[in-house]
Amino acid sequence: MKPHFYPLLVIATCVTAFFFHACSADDRSHACGAGIAVFYPETFDSVGLLPSLALVAEPARAGALPRGWKIKPRFSVEEGKNVITIPVGKETDLYGTGEVVGALRRNGTSITTWNLDNYAYALNNGKNLYQSHPWILGVRPDGSAFGILVDSPWRLEISLSDTARVTTDGPAPRVIVIERDDPASVVMTLGELTGKMEMPPLWALGFQQSRWSYFPDARVKEIADGFRSRSIPCDVIWMDIDYMDGFRVFTFDPARFPDPGALNDYLHERDFKAVYMIDPGIKKDSLYAVYNQGTEGDHWVKDKDGRAFNGPVWPGPCAFPDFTRPETRAWWRGLYEDFLATGVDGVWNDMNEPAVFRVESHTMPEDNLHRGGGTLPPGPHARYHNLYGLLMVKATREALLQYRPDKRPFVLSRANFIGGQRYAATWSGDNVSRWEHLRVSIPMTLSLGLSGQPFSGADIGGFGGNARPDLLAHWMATGVYYPFARNHSSQNTANQEPWALGEEVENVSRRAINRRYRLLPYLYTLFREASVTGMPIARPLFFADPRDTSLRREEQAFLLGQDLMIVPRWAKNPKRPRGAWETITPEDEKEDDGYQPLLAIRPGAVIPVNKVIQSTVEYTTDSITLLVNPASDGKATGLLYDDAGDGFGYKNGDFALHRFSVSRHEENSFKLDVERVEGTRETRRHYRVGLVAGGKIHYSPWSTDATRYFPVTR
Ligand code: MIG
């Protein structure tokens, strides 16, 4: 070979190398179950990426990639960054990517996975909020669907067009792809891979009232009494940071909350639960036991030089527990012992992005050091930032289990990572009392559900700013259908309780909350389904008919489960699924108040509902009304899950899942078959059928032991 060919050869070799680098995943890419494949980049940094805290288990090895596999990531390096490009098809509708602001359908958007304290969603156009979900759901025109999980906790930029493009400063991640016949199956497979929400206590499904902050304790009591005296159902009152002594977590302000045990007793006697906030920032204060213990135990996140990192949050300069360390999580759990002994029922973990004040990044430096331990390697904050909240709430949940082994934990977390539904519910952080934040709360809740987190909701009424009466009324009327339904507002804003803005809003709110409590049998059954299958509780309308592409952009109307459609009153030209969905009007709503959403029941569905109660303490399923919308063949079916409402008896069979099969017997008479399909719990119930037709409910009498047929009166 003549010398002058050499450069050409070198170029050819480089091009070939680049081509292979860019186009072929190495031989570790493989199937990991039917319709699931994992793709590895050529160089995979297992120390920087494993173990995956998104997944409940390492992907199984199940042979080579199936022939004809459609969704294939390509790995490359561009300008020093790792890039993944994944052609997804022009006609595909894209969803998921968790908690960001924007349309439900994500085509044409870019998001950042980097947990961020983002007041009013003002930074980065709201495309970067408190939680991170590197997950894309694609739905093709024929209704078939796929999911793409980019298994990396590092900061990712994800932009979506006919190609999904992921860019990261971190190591090149592996990508897991799911192929299924429909979007619901993709989301359930995501649940298999990343885990499911555990059953919460029933009370967590009740209505909840919060404010930053109710103080002193007398004000908390006044709020609780306000619900009972006005007959507005409510289950939980929330204590924000001002219950603490100078923002020191695990303490109580001696003047404002001198006897938290007595306050919690007061609430419990009136059928309320009490949830208290705990933040990760520990006040740097040599007279503060938690700080001293943390220092002695060497529990703090370190700066790049190995000194305890300090940054300002509410209490002033703080140290931050290094939750990557098993010893630190154990210490953290122990702090809950005395705290919970006061009768605290649930825990609210806030500021765990972690938020740090007075720095442009709103968090700690990326070169801070986490020491890891157990299966977790040491690593920089850049590696652990998005996992900080997840590891914190894992410890919180474990603490609740440790000290209350017979109670189901309830933890609410602002920061989290995909898979974090295993440990905590969430809310969408600091929205404001403005119309656009009411509207966007629906696609935000739906997107979290599509990204593995079924238990979420926005601050009802809006957090920042003052809600005008009309907005609060609409927000109450809509928000009671969030899986997590809590009214919350900021300090320095007007009061926002259901009665704070006058009688009309109060009446609208009462009616809305009554509706939620009536629906509890159905809602609790959906929570059960979510905990078993990973299916979202609130679902996009297109789940009703994944092949109907006209539903793909609908983000005002939505579904609870598969049988109930919610159409907010403020929805403009909402789409409707095909079929004879029938409008449900609760029996005591004599006239339309102009705020309550339209509720509609799917043809062929049975929805179990209850009477109104003031809190879930009164909940029983002794007398259940079955709302029925028979399909054209005169038949309808539905499910009801029931258990003790708390505790873990249900794990040993102490529950009942009943299937109702209703069929038309005569024009106005229905035959009901009730079958226990799972569980061993004995139940004795009265039933009545409520035929939903022509905008009315036509009831049968309540059953007796002898009833087989339910004649309804038209
Ligand atoms: O910097 O604890 O999102 O719900 O009321 C604000 C006070 C800290 C932010 C939370 C909000 C809570 C507030 N917190």
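Filter the range 291-320 down to residues that are part of a loop (DSSP other than H, G, I, E, B) and within 16 Å of the ligand (Cβ to nearest atom) and give me whichever is surrounded by the most Cβ atoms within 10 Å (Cβ to Cβ). Among those residues, the one meeting the criterion is F320. Restricting R516, R510 to residues that are of a type in the set (K, R), open to solvent by 10 Å² or more (accessible area, probe 1.4 Å) and either within 16 Å of the ligand (Cβ to nearest atom) or more than 18 Å from W570 (Cα to Cα) (or both) narrows the list to R510. Within the range 184-205, does at least one residue satisfy the condition of being open to solvent by 10 Å² or more (accessible area, probe 1.4 Å), touching a residue at least 40 places away in the same chain (Cβ under 8 Å) and within 16 Å of the ligand (Cβ to nearest atom)? The answer is no, given that none of the residues of the range 184-205 is open to solvent by 10 Å² or more (accessible area, probe 1.4 Å), touching a residue at least 40 places away in the same chain (Cβ under 8 Å) and within 16 Å of the ligand (Cβ to nearest atom).
Yes/no per residue for (1) of a type outside the set (V, I, T); (2) under 24 Å from V692 (Cα atoms); (3) surrounded by fewer than 17 Cβ atoms within 10 Å (Cβ to Cβ):
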residue	(1), (2), (3)
Q614	yes, no, no
S623	yes, yes, yes
L626	yes, yes, no
A644	yes, no, yes
D654	yes, no, yes
R664	yes, yes, no
L672	yes, yes, no
E675	yes, yes, yes
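I'm trying to understand the selection: among the residues of the range 267-290, which are within 15 Å of the ligand (Cβ to nearest atom) and not acidic (D, E)?
Here is the first cut: in the range 267-290, the residues within 15 Å of the ligand (Cβ to nearest atom) are 275-281, 283.
Result: V275, Y276, M277, I278, P280, G281, K283.
Of the residues making up the range 206-217, those that are touching a helix residue (DSSP H, G or I) at 6+ places or on another chain (Cβ under 7 Å), of a type outside the set (F, W, Y) and within 16 Å of the ligand (Cβ to nearest atom) number 2.
Answer yes or no: is there a residue in the range 157-170 that is outside the structural domain of H385 (by TED's automatic domain parsing) and at positive phi. Quick ask: steps written out before the conclusion?
Residues of the range 157-170 outside the structural domain of H385 (by TED's automatic domain parsing): 157-170.
Filter again for at positive phi, leaving none.
So far as the range 157-170 goes, no, none of its residues is outside the structural domain of H385 (by TED's automatic domain parsing) and at positive phi.
When restricted to residues that are open to solvent by 10 Å² or more (accessible area, probe 1.4 Å) and within 16 Å of the ligand (Cβ to nearest atom), the range 433-443 contains 2. Among residues that are of a type in the set (S, T, Y) and without any contact (Cβ under 8 Å) to a residue 40 or more places away in the chain, Y423 is included.
Tell me the residue from G465, G461 that is open to solvent by 20 Å² or more (accessible area, probe 1.4 Å), over 30 Å from V532 (Cα atoms) and within 16 Å of the ligand (Cβ to nearest atom), please.
The unique qualifying residue is G465.
A single member of L55, L104, L65 is surrounded by 14 or more Cβ atoms within 10 Å (Cβ to Cβ), more than 16 Å from the ligand (Cβ to nearest atom), closer than 20 Å to R28 by Cα and under 18 Å from the mean Cα position of the chain (by Cα), and it is L55. Name the residue that is nearest to the chain's Cα centre (by Cα), counting only residues in the range 393-432 that are more than 16 Å from the ligand (Cβ to nearest atom) and acidic (D, E). Among those residues, the one meeting the criterion is E398. Of the numbered criteria (1) out of contact with any His (no Cβ under 9 Å at 6 or more places or on another chain); (2) open to solvent by 40 Å² or more (accessible area, probe 1.4 Å); (3) aliphatic (A, V, I, L, M), the one L369 fails is (1).
For the range 468-483, which positions are surrounded by 23 or more Cβ atoms within 10 Å (Cβ to Cβ) and in a loop (DSSP other than H, G, I, E, B)? Correct list: V480, Y481, Y482, P483. I'm checking my understanding of the structure. Among residues of the range 546-570 that are farther than 26 Å from A473 by Cβ and open to solvent by 10 Å² or more (accessible area, probe 1.4 Å), which one is nearest to the chain's Cα centre (by Cα)? Only one residue fits best here, namely Q562. The residues on offer are F227, F247, F252, and the sole one that is farther than 25 Å from R397 by Cα and out of contact with any Lys or Arg (no Cβ under 6 Å at 6 or more places or on another chain) is F227. Residues of the range 269-290 that are without any contact (Cβ under 8 Å) to a residue 40 or more places away in the chain, assigned to a loop (DSSP other than H, G, I, E, B) and among the charged types (D, E, K, R): K284, D285.
Going by what's in this entry, would W348 be described as outside the structural domain of L50 (by TED's automatic domain parsing), crowded, with 20+ Cβ neighbours inside 10 Å and under 25 Å from C318 (Cα atoms)? So that I can check it myself, show each step before the final result.
On the way: outside the structural domain of L50 (by TED's automatic domain parsing): yes; crowded, with 20+ Cβ neighbours inside 10 Å: yes; under 25 Å from C318 (Cα atoms): yes.
Spelling it out, W348 is indeed outside the structural domain of L50 (by TED's automatic domain parsing), crowded, with 20+ Cβ neighbours inside 10 Å and under 25 Å from C318 (Cα atoms).
Within the range 488-503, can one find any residue that is open to solvent by 10 Å² or more (accessible area, probe 1.4 Å), part of a helix (DSSP H, G or I) and not β-branched (V, I, T)? Yes, there is a match, as at least one residue in the range 488-503 is open to solvent by 10 Å² or more (accessible area, probe 1.4 Å), part of a helix (DSSP H, G or I) and not β-branched (V, I, T).
The values are calculated or read from the model by the stated rules, or taken from the named source; none is laboratory data. Since the model is a prediction, treat every value here as computed from it, not as a measurement. FYI the Cβ positions are ideal-geometry reconstructions off the backbone, even for glycines, and counts take in every protein chain you see. Quick note on the areas: whole protein, heavy atoms, side chains included, nothing else; ligands and nucleic acids left out. Shrake-Rupley method; radii C 1.70, N 1.55, O 1.52, S 1.80 Å.
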